[in-house]
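Here the structure comes first, spelled out in structure tokens, and everything after it is commentary.
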Amino acid sequence: MSAALDSLLAEIRACRICRDAPRYGAALPHEPRPVIQASSEARLCIAGQAPGIRVHRSGRPFSDPSGVRLRGWLGIGEDVFYDANKVAIVGMGCCFPGLDADGGDLPPRRECAETWRNRIFGQMPKIELMLLIGQYAQKWHLGAQVLGSGMTGTVARWREIYAGESRPRMLALPHPSWRNSGWLKRNPWFETDLLPVLRADVARLLGESDQSNASRSDR
């Protein structure tokens, strides 16, 4: 890891903006715990939403059932997934944003992306593939390509987005939450058409030798 990125990650992990100097709405009601995985060597980046309560407690990204499903989609096990030199994991918010009145996660804090996102990607020049999980990451990275489409419309246009001229390559995905099981059943093309392309690209980026451990630690 470069010294500049190491210093930046230390800044992010010490960040308390959303609690001590919030720019949008009320202050974060709990102690922040920024969760991020990054390296200047990573070639694959998972751009998600924000940590949930389980990740907030563990301090490890996707350490929940969503992570099990996501690793299955990628065809890799925990040893590869949590190797920062291979996989970067950068949410739109680095901290758990709290719960809404219905018990669901609040949106990622806007302060986080505004403060850190451009800086962190400026320190990861080798990223070749960005996986955009959920509407917040898709809007940030795809901009006008998402407007009016919604998450389903954006993911359905995955071939167009993936084959576009943007570098790194972009691939829009739904959130791997088990709450989206119904969505997966209604959209079988996601598993039959998109996932094989995703797994082939991941295998190429990370090296076939790494795939021998695929999903072993998640079973």
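So the values come out like this:
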item	result
Residue-normalised accessible area of the chain, given per residue in Å² at a 1.4 Å probe	47 Å²
Integer Hz, Karplus 6.51/-1.76/1.60 couplings in order for the stretch 169-180, x for Gly and Pro	5, 10, 9, 8, 10, x, 6, x, 4, 5, 5, 8
Residues whose placed amide H lies under 5 Å from that of I89, excluding near-sequence neighbours	Q37, A38, I46
Residue-averaged [θ]222 nm for the chain, counting only DSSP H segments that reach four residues, each worth -39500 (n - 2.57)	-9000 deg cm²/dmol
Reach of K126 by Cα under 28 Å, taken over lysines that are not fewer than 8 positions away in the same chain	K86, K139
HN-Hα J in Hz across the stretch 13-27 - Karplus 6.51, -1.76, 1.60, θ = phi - 60°, x for Gly and Pro	5, 9, 5, 9, 4, 5, 9, 9, 9, x, 9, 9, x, 5, 5
Phi to ³J(HN,Hα) by Karplus 6.51 cos²θ - 1.76 cosθ + 1.60 over the stretch 188-201, Hz, x for Gly, Pro	x, 4, 4, 7, 7, 10, 6, 4, x, 5, 4, 5, 5, 5
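The values are calculated or read from the model by the stated rules, or taken from the named source; none is laboratory data. Given the structure is predicted, the values throughout are model-derived calculations rather than measurements. SASA here: full protein model, heavy atoms, side chains in, ligands and nucleic acids out. Shrake-Rupley method; radii C 1.70, N 1.55, O 1.52, S 1.80 Å.
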